[in-house]
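Okay, structure first, notes after.
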Amino acid sequence: MFKSHSIIIAALLSSALPYPVVADEPPRVLVIGAHPDDAESAAGLAAHYAAIGSEIMLISLTNGDAGHHEIGGRPLALRRAEEARRSGQIIGAPYVLLDNHDGELSPNWELRKRLIQMMRRFQPDVIITHRTNDYHPDHRYAGVLVRDAYTELSVAGNVALTPYLKKFPVLLYMSDNFERPYPFTPDIAVDISGQLDTKIDMTHCHVSQMYEWLPYIRGQIDQVPESDADRRVWLAESIRAEARSTADKYRDVLIELYGAERGKAIEFAEAYEISEYTLHLSEEKLRALFPFVYSRP
(Lines give C-alpha, C1' and ligand atoms only; values in the text may rest on other atoms or scores of the structure.)
Protein backbone atom coordinates (compact mmCIF):
# COMPACT_ATOMS: atom_id res chain seq x y z
CA MET A 1 0.00 0.00 0.00
CA PHE A 2 2.76 2.42 0.92
CA LYS A 3 5.13 3.99 -1.60
CA SER A 4 8.78 3.01 -1.79
CA HIS A 5 11.37 5.42 -0.42
CA SER A 6 14.67 6.39 -2.00
CA ILE A 7 18.09 5.48 -0.65
CA ILE A 8 19.07 9.17 -0.67
CA ILE A 9 16.15 10.18 1.55
CA ALA A 10 16.87 7.24 3.87
CA ALA A 11 20.44 8.45 4.27
CA LEU A 12 19.29 11.98 5.05
CA LEU A 13 16.93 10.84 7.78
CA SER A 14 18.88 7.91 9.16
CA SER A 15 20.08 9.80 12.25
CA ALA A 16 16.51 9.94 13.61
CA LEU A 17 14.79 6.96 15.16
CA PRO A 18 11.45 5.69 13.86
CA TYR A 19 8.31 6.20 15.88
CA PRO A 20 8.09 3.46 18.56
CA VAL A 21 5.62 0.62 18.12
CA VAL A 22 3.84 1.40 21.39
CA ALA A 23 3.51 5.06 22.35
CA ASP A 24 3.60 5.95 26.04
CA GLU A 25 1.39 8.98 25.42
CA PRO A 26 -1.07 10.06 22.73
CA PRO A 27 0.64 11.38 19.58
CA ARG A 28 1.59 15.06 19.55
CA VAL A 29 0.14 16.71 16.44
CA LEU A 30 1.19 19.78 14.48
CA VAL A 31 -1.07 21.11 11.68
CA ILE A 32 0.63 23.75 9.52
CA GLY A 33 -1.30 25.76 6.94
CA ALA A 34 -0.52 28.80 4.86
CA HIS A 35 -3.50 30.87 6.06
CA PRO A 36 -5.50 31.10 9.29
CA ASP A 37 -8.32 28.88 8.01
CA ASP A 38 -6.23 26.21 6.26
CA ALA A 39 -5.67 23.94 9.24
CA GLU A 40 -9.42 23.33 9.37
CA SER A 41 -9.04 21.08 6.33
CA ALA A 42 -7.61 18.60 8.84
CA ALA A 43 -10.08 19.45 11.61
CA GLY A 44 -11.71 16.02 11.57
CA LEU A 45 -8.40 14.26 12.15
CA ALA A 46 -7.39 16.88 14.73
CA ALA A 47 -10.68 16.29 16.58
CA HIS A 48 -9.90 12.55 16.69
CA TYR A 49 -6.55 13.33 18.30
CA ALA A 50 -8.11 15.79 20.74
CA ALA A 51 -10.53 13.08 21.87
CA ILE A 52 -7.68 10.75 22.85
CA GLY A 53 -5.82 13.48 24.73
CA SER A 54 -3.20 14.50 22.16
CA GLU A 55 -1.38 17.79 22.43
CA ILE A 56 -2.21 19.71 19.24
CA MET A 57 -0.88 22.94 17.81
CA LEU A 58 -2.29 24.71 14.74
CA ILE A 59 -0.01 27.08 12.81
CA SER A 60 -0.64 29.56 10.01
CA LEU A 61 2.50 30.67 8.20
CA THR A 62 0.86 33.99 7.23
CA ASN A 63 -1.31 36.44 9.14
CA GLY A 64 -4.07 36.43 6.50
CA ASP A 65 -3.96 40.19 5.99
CA ALA A 66 -4.92 40.14 2.29
CA GLY A 67 -7.87 37.73 2.16
CA HIS A 68 -10.80 40.13 1.96
CA HIS A 69 -12.49 42.43 -0.53
CA GLU A 70 -13.28 45.28 1.87
CA ILE A 71 -10.66 45.34 4.64
CA GLY A 72 -7.01 44.39 4.87
CA GLY A 73 -3.72 44.96 6.62
CA ARG A 74 -3.60 45.10 10.40
CA PRO A 75 -7.39 45.21 11.00
CA LEU A 76 -7.91 42.04 8.96
CA ALA A 77 -4.88 40.31 10.47
CA LEU A 78 -6.17 40.99 13.99
CA ARG A 79 -9.64 39.83 13.07
CA ARG A 80 -8.35 36.61 11.57
CA ALA A 81 -6.11 35.97 14.56
CA GLU A 82 -9.18 36.12 16.80
CA GLU A 83 -11.14 33.84 14.46
CA ALA A 84 -8.27 31.35 14.54
CA ARG A 85 -8.02 31.53 18.34
CA ARG A 86 -11.71 30.66 18.66
CA SER A 87 -11.35 27.80 16.21
CA GLY A 88 -8.42 26.24 18.04
CA GLN A 89 -10.18 26.68 21.36
CA ILE A 90 -12.86 24.22 20.24
CA ILE A 91 -10.34 21.35 20.37
CA GLY A 92 -8.18 22.91 23.08
CA ALA A 93 -5.34 23.76 20.70
CA PRO A 94 -3.31 26.97 20.42
CA TYR A 95 -3.54 28.52 16.95
CA VAL A 96 -0.31 30.37 16.16
CA LEU A 97 -0.16 32.93 13.34
CA LEU A 98 3.24 33.94 12.03
CA ASP A 99 3.40 37.59 11.05
CA ASN A 100 4.12 37.14 7.34
CA HIS A 101 2.01 38.91 4.73
CA ASP A 102 -0.73 36.91 3.04
CA GLY A 103 0.26 36.27 -0.58
CA GLU A 104 3.96 36.89 0.05
CA LEU A 105 5.08 33.61 1.59
CA SER A 106 8.56 32.63 0.46
CA PRO A 107 10.51 29.41 1.15
CA ASN A 108 13.53 31.25 2.54
CA TRP A 109 16.08 30.06 5.08
CA GLU A 110 14.96 32.41 7.87
CA LEU A 111 11.41 31.07 7.84
CA ARG A 112 12.59 27.49 7.45
CA LYS A 113 14.87 27.98 10.47
CA ARG A 114 11.95 29.29 12.50
CA LEU A 115 9.88 26.28 11.52
CA ILE A 116 12.70 23.92 12.52
CA GLN A 117 12.79 25.61 15.92
CA MET A 118 9.02 25.41 16.37
CA MET A 119 8.87 21.77 15.30
CA ARG A 120 11.76 20.73 17.53
CA ARG A 121 10.34 22.52 20.56
CA PHE A 122 6.89 21.03 20.08
CA GLN A 123 8.31 17.55 19.36
CA PRO A 124 5.46 16.34 17.14
CA ASP A 125 4.72 12.75 16.29
CA VAL A 126 2.51 13.77 13.36
CA ILE A 127 2.86 16.84 11.11
CA ILE A 128 0.11 17.76 8.63
CA THR A 129 0.45 20.32 5.83
CA HIS A 130 -0.27 21.18 2.17
CA ARG A 131 1.10 19.35 -0.84
CA THR A 132 3.59 21.35 -2.91
CA ASN A 133 1.56 21.45 -6.15
CA ASP A 134 -1.43 23.46 -4.93
CA TYR A 135 -3.04 26.29 -6.89
CA HIS A 136 -2.12 28.98 -4.35
CA PRO A 137 1.55 30.02 -4.11
CA ASP A 138 1.26 30.38 -0.33
CA HIS A 139 -0.04 26.82 -0.09
CA ARG A 140 2.75 25.53 -2.33
CA TYR A 141 5.46 27.35 -0.42
CA ALA A 142 3.99 26.25 2.91
CA GLY A 143 4.37 22.67 1.71
CA VAL A 144 7.94 23.34 0.59
CA LEU A 145 8.84 25.04 3.88
CA VAL A 146 7.42 22.26 6.01
CA ARG A 147 8.97 19.53 3.87
CA ASP A 148 12.40 21.18 3.90
CA ALA A 149 12.27 21.89 7.65
CA TYR A 150 11.16 18.29 8.23
CA THR A 151 14.28 16.85 6.59
CA GLU A 152 16.49 18.87 8.95
CA LEU A 153 14.78 18.09 12.25
CA SER A 154 17.48 15.58 13.17
CA VAL A 155 20.45 17.46 11.69
CA ALA A 156 22.15 18.67 14.86
CA GLY A 157 24.35 21.24 13.11
CA ASN A 158 21.40 23.16 11.65
CA VAL A 159 19.77 25.57 14.12
CA ALA A 160 22.35 24.19 16.52
CA LEU A 161 21.08 25.76 19.75
CA THR A 162 17.68 24.08 19.48
CA PRO A 163 17.89 20.40 20.51
CA TYR A 164 17.39 18.17 17.49
CA LEU A 165 14.76 15.44 17.33
CA LYS A 166 15.82 11.87 17.99
CA LYS A 167 12.37 10.45 17.16
CA PHE A 168 11.16 11.27 13.68
CA PRO A 169 7.54 12.33 13.10
CA VAL A 170 5.23 11.25 10.30
CA LEU A 171 4.58 13.91 7.65
CA LEU A 172 1.08 13.91 6.12
CA TYR A 173 -0.28 15.91 3.20
CA MET A 174 -3.89 17.09 3.16
CA SER A 175 -5.97 16.03 0.18
CA ASP A 176 -6.56 18.14 -2.93
CA ASN A 177 -7.76 17.70 -6.50
CA PHE A 178 -4.67 18.89 -8.41
CA GLU A 179 -3.28 16.52 -11.04
CA ARG A 180 0.13 17.94 -11.99
CA PRO A 181 2.86 16.89 -11.61
CA TYR A 182 1.02 14.00 -9.93
CA PRO A 183 -2.39 13.61 -8.31
CA PHE A 184 -3.02 13.24 -4.59
CA THR A 185 -2.54 9.58 -3.65
CA PRO A 186 -4.19 8.64 -0.33
CA ASP A 187 -2.46 6.35 2.13
CA ILE A 188 -4.86 7.00 5.01
CA ALA A 189 -8.58 7.77 4.93
CA VAL A 190 -10.18 8.74 8.23
CA ASP A 191 -13.81 8.29 9.23
CA ILE A 192 -14.82 11.74 10.55
CA SER A 193 -18.56 11.09 10.82
CA GLY A 194 -18.42 11.59 14.58
CA GLN A 195 -16.14 14.62 14.27
CA LEU A 196 -17.97 16.44 11.48
CA ASP A 197 -19.79 18.85 13.78
CA THR A 198 -16.47 19.84 15.34
CA LYS A 199 -15.04 20.51 11.88
CA ILE A 200 -18.08 22.62 11.01
CA ASP A 201 -17.82 24.54 14.29
CA MET A 202 -14.13 25.27 13.77
CA THR A 203 -14.65 26.41 10.18
CA HIS A 204 -17.66 28.48 11.24
CA CYS A 205 -15.33 30.59 13.41
CA HIS A 206 -13.70 32.04 10.27
CA VAL A 207 -16.49 34.51 9.52
CA SER A 208 -14.32 36.81 7.39
CA GLN A 209 -13.56 33.92 5.03
CA MET A 210 -16.56 31.58 5.04
CA TYR A 211 -19.28 34.24 4.88
CA GLU A 212 -17.53 37.21 3.29
CA TRP A 213 -14.36 36.75 1.24
CA LEU A 214 -14.87 33.27 -0.25
CA PRO A 215 -18.55 33.83 -1.16
CA TYR A 216 -17.52 37.15 -2.71
CA ILE A 217 -14.85 35.66 -4.99
CA ARG A 218 -17.17 32.77 -5.89
CA GLY A 219 -20.02 35.10 -6.80
CA GLN A 220 -22.17 33.73 -3.95
CA ILE A 221 -22.26 36.68 -1.57
CA ASP A 222 -26.00 37.12 -2.11
CA GLN A 223 -26.57 33.53 -0.94
CA VAL A 224 -25.06 34.01 2.54
CA PRO A 225 -27.74 33.92 5.25
CA GLU A 226 -28.05 36.74 7.77
CA SER A 227 -28.23 34.94 11.11
CA ASP A 228 -25.35 33.07 12.72
CA ALA A 229 -27.41 29.88 13.04
CA ASP A 230 -28.54 29.95 9.41
CA ARG A 231 -24.98 30.60 8.29
CA ARG A 232 -23.74 27.53 10.10
CA VAL A 233 -26.43 25.41 8.41
CA TRP A 234 -25.46 26.88 5.04
CA LEU A 235 -21.76 26.20 5.62
CA ALA A 236 -22.43 22.70 6.93
CA GLU A 237 -23.98 21.71 3.60
CA SER A 238 -20.73 22.32 1.70
CA ILE A 239 -18.51 20.72 4.36
CA ARG A 240 -20.73 17.62 4.45
CA ALA A 241 -20.74 17.43 0.66
CA GLU A 242 -16.95 17.59 0.52
CA ALA A 243 -16.48 15.01 3.27
CA ARG A 244 -19.04 12.70 1.63
CA SER A 245 -17.27 13.07 -1.72
CA THR A 246 -13.94 12.21 -0.08
CA ALA A 247 -15.43 9.07 1.46
CA ASP A 248 -16.88 7.97 -1.87
CA LYS A 249 -13.70 8.78 -3.80
CA TYR A 250 -11.43 6.82 -1.45
CA ARG A 251 -13.83 4.06 -0.50
CA ASP A 252 -11.23 1.40 -1.26
CA VAL A 253 -8.83 2.91 1.28
CA LEU A 254 -11.56 3.09 3.92
CA ILE A 255 -12.40 -0.57 3.34
CA GLU A 256 -8.74 -1.55 3.57
CA LEU A 257 -8.28 0.27 6.88
CA TYR A 258 -11.64 -0.26 8.58
CA GLY A 259 -12.70 -3.56 7.07
CA ALA A 260 -15.38 -4.19 4.47
CA GLU A 261 -18.47 -3.83 6.64
CA ARG A 262 -17.57 -0.57 8.33
CA GLY A 263 -15.59 0.83 5.40
CA LYS A 264 -18.58 0.57 3.07
CA ALA A 265 -20.83 2.35 5.58
CA ILE A 266 -18.62 5.37 6.32
CA GLU A 267 -20.36 8.53 5.11
CA PHE A 268 -17.83 11.28 5.83
CA ALA A 269 -14.04 11.14 5.56
CA GLU A 270 -10.77 13.02 5.27
CA ALA A 271 -7.82 11.58 3.36
CA TYR A 272 -4.08 12.00 3.75
CA GLU A 273 -0.96 11.13 1.78
CA ILE A 274 2.15 10.07 3.68
CA SER A 275 5.21 11.98 2.52
CA GLU A 276 7.82 9.93 0.74
CA TYR A 277 10.28 11.42 3.24
CA THR A 278 8.64 9.49 6.10
CA LEU A 279 10.29 6.15 6.80
CA HIS A 280 9.83 3.02 8.93
CA LEU A 281 6.05 2.79 8.66
CA SER A 282 4.93 -0.72 9.39
CA GLU A 283 1.24 -1.28 10.07
CA GLU A 284 2.04 -1.89 13.72
CA LYS A 285 3.65 1.53 14.02
CA LEU A 286 0.80 3.17 12.14
CA ARG A 287 -1.66 1.62 14.60
CA ALA A 288 0.16 3.43 17.41
CA LEU A 289 -0.09 6.75 15.58
CA PHE A 290 -3.63 6.37 14.23
CA PRO A 291 -5.51 4.13 16.70
CA PHE A 292 -8.90 5.42 15.58
CA VAL A 293 -8.15 4.44 11.96
CA TYR A 294 -6.53 1.05 12.37
CA SER A 295 -9.49 -0.32 14.26
CA ARG A 296 -9.53 -3.86 12.89
CA PRO A 297 -8.34 -6.68 15.20
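The values are calculated or read from the model by the stated rules, or taken from the named source; none is laboratory data. The structure displayed is predicted, hence computed values, not measured ones. All Cβ positions, glycine included, derive from the backbone under ideal geometry; neighbour counts span all protein chains shown.
At-a-glance table
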read-out	value
Residue check, residue 51 under 26 Å from residue 272 (Cβ atoms) and among the small types (Gly, Ala, Ser)	yes
First in region 273-291 and within 13 Å of residue 168 (Cβ to Cβ) and touching a residue at least 60 places away in the same chain (Cβ under 8 Å), second anywhere and surrounded by fewer than 17 Cβ atoms within 10 Å (Cβ to Cβ) and among the aromatic types (Phe, Trp, Tyr), Cβ under 8 Å, 6 or more apart	274/2; 281/2
Subset of region 38-64 [in a helix (DSSP H, G or I), hydroxyl-bearing (Ser, Thr, Tyr) and crowded, with 23+ Cβ neighbours inside 10 Å]	49
Selection count, region 65-95, where residues are assigned to a loop (DSSP other than H, G, I, E, B) and over 22 Å from the mean Cα position of the chain (by Cα)	5
Among (1) crowded, with 20+ Cβ neighbours inside 10 Å; (2) more than 14 Å from the chain's Cα centre (by Cα); (3) part of a loop (DSSP other than H, G, I, E, B) - the single one residue 124 does not satisfy	(2)
Subset of region 96-115 (residues that are assigned to a helix (DSSP H, G or I) and either on the phi > 0 side of the Ramachandran plot or under 17 Å from the mean Cα position of the chain (by Cα) (or both))	115
Members of region 88-112 found to be of a type in the set (D, E, K, R) and surrounded by 15 or more Cβ atoms within 10 Å (Cβ to Cβ), listed by number	102, 112
Residues (surrounded by fewer than 17 Cβ atoms within 10 Å (Cβ to Cβ) and either assigned to a loop (DSSP other than H, G, I, E, B) or of a type in the set (Gly, Ala, Ser) (or both)) located in region 159-175	160, 161, 162, 163, 166
Checking residue 13 against (1) crowded, with 19+ Cβ neighbours inside 10 Å; (2) modelled with pLDDT under 95; (3) touching a strand residue (DSSP E or B) at 6+ places or on another chain (Cβ under 9 Å), the condition it does not meet	(3)
Considering residues of region 234-267 that are modelled with pLDDT under 95 and in contact with a Gly (Cβ under 8 Å, 6 or more places away or on another chain) only, the residue nearest to residue 286 (Cα to Cα)	257
